[in-house]
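Contents: one structure, followed by commentary.
Rule-based calculations on the coordinates, nothing more; no lab input. Since this is a predicted model, take the numbers as computed values, not measurements. Cβ sites come from the backbone with ideal geometry, for glycine too, and all protein chains shown count toward neighbours.
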Amino acid sequence: MFNNKLYFEHLNTHFLGRKHKVYDKCTSTQDVIREYSNLDGFVVIASTQTKGRGRMGRSWFSSDNENLYFSYVLKNPHLRNLQIINLLVSFSLCELLSEYGNFKIKWPNDIVFNYKKVAGILIESSIVNKSVLYSIIGIGLNINFKYLPKELQDRAISIKSITNANIEKEILLAKYFNIFETYLLTYLNNSITIDLVGKWRELSAYYGKRIKIRLNDDEECFIEKGIDADGALRVTREDGSEKKLYYGEIV
Ligand code: BTN
């Protein structure tokens, strides 16, 4: 059950999340939202997903009615640079969760608490002739699992297990949209700048640390040096040479 009244009471946005559709069960919110892909800011929320998916072709465990699974549409003029949008989504989630603890970002966009994953972000875009028609931003946020498959127990955590707080998912979702829309409109307003580089330094779980990155089928060790103004990850090799990474994952 999704309490629409509670959701709208807490939503202060101009366009984001104002129109929505709620499913008790669907395949994946990333798929069903395609029907609404011409509606900027539209959101699809599901209590559970039968084919929830994550990055790199993985599946996303979606237990019934315990967590938040949602996807929303962004269109122009709200789309400018996907790398930066990706950063803004991660910053917004960390800010949203800051009242419950010290949440960090594991590059490119996992939200972690003590290196355990609490939220995952999947951004899929429709690109025609090199221009992005729309992006679908999908977020899975672990609020309260009662059951977690064995293989995830060492790697995932829920907010409830960290704080024991009772969390209304409608309020959390509305607050997320309030925060993300403010970041987005600030970023798109050319007269105001967000210190993306400084914010990354503050929120990255691995800033200045040694990391192993999987790129295609290769793995390589680097030191994380922060983010560039274009959203790429700056890393150095052991010989001191620099590299910029636009995709990959920390293993
Ligand atoms: C990842 O960490 O690999 C990304 C996970 C994204 C999961 C969310 S849940 C809502 C939306 N629907 C999906 O099928 N996936 C995203």
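For the options Leu133, Leu173, Leu88, a Gaussian network treatment of the chain with springs between C-alpha atoms closer than 10 Å singles out Leu133 as fluctuating the most. Ranked by the mean number of other Cβ atoms within 10 Å of their residues, highest first, the peptides 232-241, 111-120 come out as 111-120, 232-241. Comparing Ile157, Ile171, Ile192 in a Gaussian network model of the chain (Cα springs below 10 Å), the most mobile by mean-square fluctuation is Ile192. Sequence-ordered 3J(HN,Hα) estimates for the stretch 111-125 from the Karplus curve with 6.51, -1.76 and 1.60 and θ = phi - 60° stand at 9, 10, 10, 6, 6, 9, 7, 10, 8, x, 10, 10, 10, 10, 10 Hz, glycine and proline given as x. If you model the chain as an ellipsoid using its alpha carbon gyration tensor, with each semi-axis the square root of five times an eigenvalue, the axes come out at 27, 22, 18 Å, biggest first.
All distinct Cα pairs of the stretch 126-251 go into the 1/r average, and the inverse of that average, the Kirkwood radius, is 18.1 Å. Model label points for Ala229 and Asn81, set 7 angstrom from Cα along the Cα-to-Cβ axis, are 0.8 nm apart. The slack between Phe8 and Asn216, meaning 0.36 nm per residue of separation minus the straight C-alpha distance, is 70.6 nm. Among the listed pairs Lys21/Lys130; Lys5/Lys117; Lys150/Lys244; Lys116/Lys169, a Cα-Cα separation exceeding 26 Å is found for Lys21/Lys130; Lys5/Lys117; Lys150/Lys244. Computed from backbone phi with θ = phi - 60° and the Karplus coefficients 6.51, -1.76 and 1.60, the 3J(HN,Hα) list for the stretch 220-234 is 9, 9, 9, 10, 7, 10, x, 10, 8, 4, 8, x, 6, 8, 9 Hz; x is used for glycine and proline. For the stretch 126-173, GluC sites (Glu not before Pro) meeting the loop criterion (DSSP other than H, G, I, E, B) and having at most 16 other Cβ atoms within 10 Å: Glu168.
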